[in-house]
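Right, one structure below, let's go through it.
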Amino acid sequence: MFLYGVINASPDSLADFSIATTADAAVDRARGLLADGADAIDLGGQGSTDAAEVVSWEDEWERIADIVPALAALDVDVASDSWKPPVVRRALDAGATVINAADGMQLDDTWKIAAEYDVPIVLPFLSGPNPREMEMVERDPLGTMVAFFEDRLKVADRFGLRARCLLDPGTGFAPSNWPWEQRYLYQKEVYSGLERLRVFDLPLYIALPWKETAQHDELLDIVIEQRPEFGRVHVPAKVRARQRALGVL
């Protein structure tokens with residue numbers, strides 16, 4: 001599994017240990033992530049949970065403007081985790097190599113940018129208009145995801161970008177008003193059935209569980225055993241250790 005280590009330049013990230021608001025701090029964290037088993041970096045300047053303040057694209061870009069080229073200088077792939085087209089374009093110009101589209105690529109402007117730069121696109125499932133307003137899908141969530149991706153990939157076809165898409169079931173978006181027990185059961189059902197998303201013959205990209213609980217550890221093992229091609233990870237050393245323990249390398 002190719003792992004993108006997470007760096008958050010947004011000060012309200014729930015994973016506070018992943019926050020780096022200066023280029024030097026971001027490079028230090030990136031080096032640690034890479035040493036611990038990450039292959040690339042995922043950088044975001046805007047939190048996607050309902051606890052995060054939504055800022056203008058100018059403010060979001062200001063948060064990461066110095067960080068993107070500093071990370072690109074490490075000679076690894078850098079994903080721009082954003083849903084604002086001006087931020088995505090500037091990040092690609094500054095050295096980012098992947099679009100992680102937190103809005104599910106719902107804007108033609110982002111598709112146009114992706115086509116212009118010809119980069120991989122992380123395409124997440126959304127059950128709402130944006131990652132901050134997700135609804136629980138209680139009946140057949142994987143069937144709902146298949147229908148969502150069928151629709152989004154029709155748009156990708158319009159821009160000639162289907163083959164550039166990595167499918168993300170969107171489990172990393174978890175508004176705080178979802179009771180954990182309900183989220184746990186939902187994620188367990190989704191992770192156990194990831195094979196249903198193979199119908200598109202495209203790589204899978206999963207936001208891996210990072211909290212230290214028995215249920216999160218169970219979910220992590222389920223994901224690893226499904227062998228997705230890509231993961232977004234806060235603690236790569238733990239993921240690599242579980243891969244070794246499960247014999248999934």
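Side notes on the structure shown:
- Candidates Asp103, Asp77, Asp28, ranked by Gaussian network fluctuation over the chain, Cα under 10 Å, top entry: Asp28
- Likely footprinting exposure, Leu126, Leu246, Leu43, fewest C-beta neighbours within 10 Å first: Leu246, Leu126, Leu43
- Estimated 222 nm signal from helices in the chain, with DSSP H stretches of n ≥ 4 weighted -39500 (n - 2.57), rounded to 500: -12500 deg cm²/dmol
- Once Rg and Dmax of the Cα atoms in Å is calculated for the structure shown, the corresponding label among (1) 22.4, 76; (2) 19.5, 63; (3) 16.7, 46 turns out to be (3).
- Environment charge of Thr110, counting only residues whose C-beta is closer than 12 Å and scoring Lys/Arg +1, Asp/Glu -1: 0
- In a simple Cβ point-charge model (Lys, Arg +1; Asp, Glu -1; nothing else charged), the chain has a dipole of about 600 debye relative to its Cα centre.
- Sites excluded, GluC sites (Glu not before Pro) in DSSP loops with at most 13 other C-beta within 10 Å, longest stretch of the chain: 54-132
- In this label model, Asp12 and Leu249 are separated by 4.4 nm, measuring between points 7 Å along each Cα→Cβ vector.
None of the figures in this text is laboratory data; all of them are computed from the coordinates on show. Remember, predicted model here, so these are calculated numbers, not experimental data. A quick note on method: Cβ atoms are made from the backbone with ideal geometry, for glycine too, and the neighbour counts reach across all protein chains shown.
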